[in-house]
Amino acid sequence: MNYNIAVIEGDGIGPEIVNAAIEVLKLAGKKYKANFVFKKAKAGGAAIDYLGTPLPKETIQICLESNSVLLGAVGGPKWDILPGNLRPEKALLGIRKELGLYANIRPAKLLPELKTACPLKKEVADAGFDMVIVRELTGGMYFGENGRKNGPYGPEAFDTECYSEMEVERIGIIAFELARARGKKLISIDKANVLESSRLWREVIHKLGANYPDVQLTDMLVDNAAMQLVKNPKQFDVVVTSNMFGDILSDEASQITGSIGLLPSASLGETKRGMYEPIHGSAPDIAGQDKANPIATILSAAMMMRLSFSQEEAAQYIENAVSRVLAKGMRTADIALPGESVLSCSQMIKEILDELK
Ligand code: IPM
Ligand code: MG
């Protein structure tokens, strides 16, 4: 099979980690007879510097013509002074919207090899956890009406959280189906004790629940969820939540797996074309220093094989190689304990590639 992959390296550590995923995909492709053509496109700060806009039209076009998109990360302090609509982050939101990628799948699993890197109490880490956060990705406050105005106390700014039934229903279906295929437990996270948009969210999710009598549905308020994630993460199987709550909770969930440098993600819509990216950012503080953890991006490539190309074996081949390297005690700085030897990004990549050969 031939696949065209749009590659957006982005900013900061983006190029280092994306190139790792490309090398991994090439090896997986060789073994499983998939031929990849990679086409680079610019977005984020790199595009601002080059073309004066975070998301050039040509980039959207390259993404639309591809079978999937691989993305590193965007943003950095250099572009923090720009107005909201010209910031690098706008590129990420724009691609998600333009490609209709409304469902963001973020698995957070404590790998047995990394129990010691988990910051939670030993008994909680020993119990382990394996959850998937399904984050709504093209609605809510990140896309709602916003602006600045003058109020009774002077200048004000506002952002609006708005969800249509349609948006909640389509993300709900993704989450219920995933729960059905996994542990048959779905926790829907909202703030229905305060927000009207959350009350609508809850109504729609419960209506859908009638079609999934085999899935146990529980509501949880987002503040409680933030606490439960560190108190008893094992209770979560599939979680469904809004764009903003999912953004926040998935960072929290990543940290209890040991490091945000480990978590992959897939953004999906109505077609097989997805965008695959680590959940972490561009880490400007370590950019260009060969210190990044490439694992989240490599595991994102595995998700691409599984979800966009239906190559389950190739996905497992990549995931198993990562597990074996971790089992051997290989650690980048973010997951090393005091006293453990630390691999650079390129050394970690080499270990994983050697494992795949
Ligand atoms: C993420 C990131 C993005 C988001 C930023 C960079 C716009 O935090 O993918 O979680 O908020 O979605
Ligand atoms: Mg985030």
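With just the Cα atoms defining each centre, how far is the stretch 202-225 from the stretch 84-122? Give it in Å.
The two parts, judged by their Cα centres, are 22 Å apart.
From largest accessible area down, sort CYS118, CYS162; use a 1.4 Å probe on the protein chains.
CYS162, CYS118
If a/c stays under 1.5 just call it rounded; otherwise compare a/b with b/c (prolate if a/b is bigger, oblate if not). Do that for the stretch 191-339, with a ≥ b ≥ c from the square roots of the Cα gyration tensor eigenvalues.
Prolate, because a/c is 1.5 or more and a/b exceeds b/c.
Show the residues, 5+ positions off or on another chain, whose built amide H is closer than 5 Å to the amide H of ILE279.
Correct list: LEU263, SER265.
Which of the pairs LYS39/LYS357; LYS115/LYS231; LYS31/LYS350 have their Cα atoms more than 20 Å apart in this structure?
LYS39/LYS357
Starting from the Cα-Cα distance between LYS40 and GLN61, subtract it from 0.36 nm times their residue separation and give me the gain in nm to one decimal.
Gain on extension, LYS40 to GLN61, equals 6.4 nm.
Answer rounded, prolate or oblate for the chain, using the Cα gyration tensor with square roots of eigenvalues a ≥ b ≥ c: rounded when a/c is under 1.5, else prolate when a/b is larger than b/c, else oblate.
rounded
At 0.36 nm per residue, and after removing the present C-alpha to C-alpha distance, how many nm does the segment from SER346 to ILE81 gain when stretched out fully?
Taking SER346 through ILE81 to full extension adds about 92.2 nm, to one decimal.
Send over the Kirkwood Rh of the stretch 1-145, from the inverse of the averaged 1/r over different Cα pairs, rounded to one decimal Å.
17.3
Once you have the Cα-Cα distance between MET166 and LYS31, take 0.36 nm times their residue separation minus that, and quote the gain in nm to one decimal. Show your work: numbers first, answer last.
Numbers: separation 135, 0.36 × 135 = 48.60 nm, distance 4.12 nm.
Extending this stretch completely gives an extra 44.5 nm.
Can you pull out the chymotrypsin sites (Phe, Trp or Tyr not before Pro) in the stretch 113-156 that DSSP calls coil and that have at most 14 other Cβ atoms within 10 Å?
Details: sites: PHE129, TYR142, PHE143, TYR153; in loops: PHE129, PHE143, TYR153.
For chymotrypsin sites (Phe, Trp or Tyr not before Pro) across the stretch 113-156 that sit outside H, G, I, E and B with at most 14 neighbouring Cβ atoms in 10 Å, the list reads TYR153.
As a check on your grasp of the helix formula, calculate [θ] at 222 nm for the chain: sum -39500 (n - 2.57) over DSSP H runs of n ≥ 4, divide by the residue count, round to the nearest 500. Intermediate results must be reported in sequence, preceding the final value.
On the way: 12 runs with 146 residues, N = 357.
Computed mean residue ellipticity for the chain: -12500 deg cm²/dmol.
Expressed as a rounded percentage, what relative contact order does the chain have, with Cα pairs under 8 Å and six or more residues apart?
The value is 21 percent.
Excluding same-chain residues fewer than 8 positions from LYS291, which aspartates and glutamates have a Cα within less than 13 Å of its Cα?
GLU16, ASP334
Out of the DSSP beta bridges found with both residues in the chain, what percent are antiparallel (nearest 5)? Each step should come with its number before you reach the end.
Numbers: 20 of 49 bridges.
Around 40 percent antiparallel, to the nearest 5.
Per-residue HN-Hα couplings for the stretch 261-267, Karplus 6.51 cos²θ - 1.76 cosθ + 1.60 at θ = phi - 60°, whole Hz, x for Gly and Pro?
Karplus values, whole Hz, x for Gly and Pro: x, 10, 9, x, 8, 10, 10.
The values are calculated or read from the model by the stated rules, or taken from the named source; none is laboratory data. Every value quoted in this text rests on a predicted model; they were computed, and no experiment measured them. Backbone-built Cβ (ideal geometry, glycine too); neighbour counts: all protein chains shown. Please note that ligands, DNA and RNA were not included when accessible areas were found on the heavy atoms of the full protein model with its side chains. Shrake-Rupley method; radii C 1.70, N 1.55, O 1.52, S 1.80 Å.
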